[in-house]
Structures are given as structure tokens and as C-alpha cells.
């Protein structure tokens, strides 16, 4: 898809100075601490470009409107805001019981990389970058187009592969990625696939609310990045997400991964098809 190429190109161009810096190039324009996170806006920028190209301003307004689609059933707020907290607490006490690791919620929603951020500021930072920046593209644009062609599970698997590959340059300069061994990389890929299943379930279940999806993505980041989360806790949290994804597949079924009809964007696909037909017709 053109969209994936565009999202990769924008993000990887933003990350290029960080990559080159690891190989001895000096004096490159780099925004300290925040430069990596600027790349998270690549999927959203690509989505807005594609929406404008295919639908004009109406497409852009529709996409932005779903970012602020907050009027959904209260149960979705429980799922995206309370359940991740419960998983952190559960993983913390399990770590304490099995590994004699004292557990405390002190340090949750804080990170040593950003000591200037308090808990609320760090949550909002994750919501804007990983949440809105990524999900406007992955779930807001790519998923509905894929779901028009495939059932929800197949579309999710395709999207998960594209989503995972988007991270490849980070393995060249970001310690969190570059220090992974083979088992870590496999675990990373599996977490992307299973996380994508949960995100599809949220997106389809809320009739396309990027607001809910973005908040959940932000909360998941806190589950793994917060200062009080140990390696063992991350393992338990990841296992819980995998179990949740499997249950979604079994209970909701692969067709929609939701109790509602999967969200599709026929207009995008139809516009793409017409453009391809026009190009083919040119002698």
C-alpha cells in the first residue's frame, strides 16, 4: 500500500539523524530526548496526506473527527483506563509473590528519560505521540481500508506486520530495541500482533473511535515504560494481553473481532481502484 510507504518514509526520515549519529556523523539536527518521539507522528501525517488526496478536506475532517469521538459507552473507558491499571497492580503483586520483588505504585506514569514530566504530563505525552500520532494512521486509516478487503483478523495480521516493520530503524539506534536478542525480537513481534488484535477490537467495538484507541495505546505504553515496572512485571503484563487477544479471537470471531460489524472505508478503496483503472487506461 502507498500508505505504508509514506508512513515509513516520513518517520524514517525524521529518525535518520539519530541513526547516522550512531555511526559517527556529528553536528546533525537532533532535538534532544524528543527526536525519537517525533517519528511517532509519521503514521498520522501520512494518513492525513492520503485522506486529503483521496477525499479532499472532507476526508481530513472525517479522520480528525474520529480522534475526538469520545461519546462512547462508559464501559470502554473502564477497559482503556482502569483495566491497564489493574494489570499493573496484578503483575506487581505476582512479581512480589514469585520473585520477592517489593511492589509499589510509586513511579507509575513516570520515566527516567523524562524526569521533568509528572504522572499526568507523561500520560498526555504518550497519548499525543504513541496514541494520536500512531493510531490516526494505523487504526484510523490503514485498518478500515484493509477491513474492506479482508476479515478483521486477516486485516489485523497484515497491519501488525506493517506496524512492526515500521520500527525497524529503531533497532539501529534505540537501546530498548538494539539490545534485544532473537527471543526478544520474536517476543516483540508477537506483542505487536496480539496488541493489534486488542486495538482492532476496541476500534470496531466503538465504531471507529480513535479517542478510545489512542488512550488505550497510551496506557499500554505506561504499563511497560513506567519507572515502577520491572522486567518480570512486563512479562506478566504481556502474557495478559496475549490471553486477552486470544479470547477476543475465540469469542468475537475473526470476521469482525467485535460484537459489531467491522469498520470499513469503501470510499477510500473505490477511489484507489478508480485511480488505478485510470492509470491503466492511459496509452
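The values are calculated or read from the model by the stated rules, or taken from the named source; none is laboratory data. Source: prediction; values computed, not measured. Positions of Cβ are generated from backbone atoms using ideal geometry, with glycine treated the same way; all protein chains shown enter the neighbour counts.
Residue by residue, here is whether (1) buried (at least 22 other Cβ atoms within 10 Å of the Cβ); (2) in contact with a helix residue (DSSP H, G or I) (Cβ under 6 Å, 6 or more places away or on another chain) holds:
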position	(1), (2)
151	no, no
160	yes, yes
167	no, no
191	no, yes
197	yes, yes
204	yes, no
207	no, no
220	yes, no
233	yes, yes
Please determine, by comparing only the residues of the stretch 47-90 that are in contact with a helix residue (DSSP H, G or I) (Cβ under 7 Å, 6 or more places away or on another chain) and part of a loop (DSSP other than H, G, I, E, B), which one is surrounded by the fewest Cβ atoms within 10 Å (Cβ to Cβ).
68
What do you reckon, is residue 238 closer than 22 Å to residue 109 by Cβ and at pLDDT below 95?
yes
Among the residues of the stretch 91-140, which ones are assigned to a loop (DSSP other than H, G, I, E, B) and under 21 Å from residue 241 (Cα atoms)?
103, 105, 108, 109
Within the stretch 11-35, residues surrounded by fewer than 19 Cβ atoms within 10 Å (Cβ to Cβ) and in a helix (DSSP H, G or I) come out as 12, 13, 16, 17, 19, 20, 21, 35
Any chance residue 99 is more than 29 Å from residue 7 (Cβ to Cβ), in contact with a helix residue (DSSP H, G or I) (Cβ under 7 Å, 6 or more places away or on another chain) and surrounded by fewer than 19 Cβ atoms within 10 Å (Cβ to Cβ):
yes
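Here is a yes/no grid of residues against (1) more than 22 Å from residue 2 (Cα to Cα); (2) touching a strand residue (DSSP E or B) at 6+ places or on another chain (Cβ under 6 Å); (3) at pLDDT 95 or above:
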| position | (1), (2), (3) |
| --- | --- |
| 113 | yes, no, no |
| 119 | yes, no, no |
| 129 | yes, no, yes |
| 134 | no, no, yes |
| 152 | no, no, yes |
| 158 | no, no, yes |
| 176 | yes, no, no |
